[in-house]
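Encoded as structure tokens, the structure appears first; notes follow it.
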Amino acid sequence: MAAPIGYAVWMSLFQERSSGLGFGGTERVFAGFGNYTKALADTGFRASFAHIALYCALYIPVMIGGSLALALLVDSALARAKRFFQLALFLPHAIPGLIASIIWIYLYTPGLSPVLEWIGALGGSWDFYANDHVLASLVNLSAWQWMGYNMVIFYAALQAVPREVIEAAVVDGAGALRTALQIKVPMIASAIVMTVLFTCVGAIQIFTEPKLLNQRGAPSIDTEWSPTLFIWKAGFVQHEYGMAAAASLLLAALGVVLSYLVTRIGNRWKAATS
């Protein structure tokens, strides 16, 4: 793991510069922290973090809340065919991300989507690519693929909750909702914190979904919408490998800070509920 990081640090300290009119080829020159300041001064790079912040603010509550609700429902005594629901909810995660994105692009596209036809038949209208709707479309696409995976983690953690504790809560008069919220959820706090951590780290690296929405013409998704799209463009379109490496390391630094914050807040929550 240290070798790629070390190489990225090394690359981030150099810039590719053309000599003369460009006929003399390019040469690599030492730039120090020039690539870092150039990336941070780029309005597109800064805006990509604002986009990701909005995306995380909507995506993480939907993902964690939805996964936890599904796990509690499957774990409840009322659920039947638990194995079927576990498999059915997990299946979307087995589909590669690119294929899942293409499926949803098809469902979002006017003239092709049966969903839009059903909405139209009911007298309504919806544009999944409109500026006001595209963030929800993006969150829906990601949540569909990962909610079942996180549900399985929560469900496995719920199976470790001692049954005698739940039976004691029922004997004391706790209803199903109170048992779920005040007994089961606090006892799987470690699984919840771990899932939030992985979801945060994954969310800031989103690439495929906005890339495909951009190619389908979503007006508010540009080629630098997320930090990973900015890095891809800098490295493979503009051939500014040094700045791409610097931007990658800045994104990695954000991931480290987020991991620290989530772990610290999660540990406090676990201590308060234990």
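Every number here is computed from the coordinates shown, using simple stated rules; none is lab data. What you see is a predicted model; the values in this text were computed from it and never measured. Using ideal geometry, Cβ is built from the backbone for each residue, glycine included, and neighbour counts are taken over all protein chains shown.
What to note about this one:
- For the residues Ala136, Ala156, Ala81, a GNM of the chain with alpha-carbon springs under 10 Å puts the largest fluctuation on Ala81.
- Full-stretch length increase - Val62, Leu112 - with 0.36 nm per residue and alpha-carbon distance subtracted: 15.3 nm
- Trypsin sites (Lys or Arg not before Pro) lying in DSSP loop within the range 177-253, provided at most 16 other Cβ fall within 10 Å: Arg216
- Couplings 3J(HN,Hα) of the range 113-126, computed from phi: 6, x, 4, 5, 5, 5, 5, x, 5, 8, x, x, 8, 7 Hz, in residue order, whole Hz [Karplus 6.51 cos²θ - 1.76 cosθ + 1.60, θ = phi - 60°; x for Gly and Pro].
- Cα centroid separation - the range 73-109 against the range 124-169, whole Å: 10
- Dipole in debye (nearest 20) - the chain, about Cα centre, beta carbon charges: Lys, Arg +1; Asp, Glu -1: 540
- The chain: angle of helix 134-159 to the longest principal axis, Cα-based, in degrees nearest 10: 50
- The value obtained for the range 120-274, namely the Cα convex hull volume divided by the number of residues, is 158 Å³ per residue.
- Nearest-ten-degree value, helix 189-203 long axis tilted from longest Cα axis of the chain: 30
- Estimated [θ] at 222 nm from DSSP helical runs (n ≥ 4, -39500 (n - 2.57)) normalised by residues in the chain, nearest 500: -22000 deg cm²/dmol
- With Cα atoms, 0 to 90° folded angle of helix 43-75 axis to the chain main axis: 20
- Among the lysines of the chain, pairs at least eight places apart or on separate chains and with Cα atoms under 18 Å apart come to 4.
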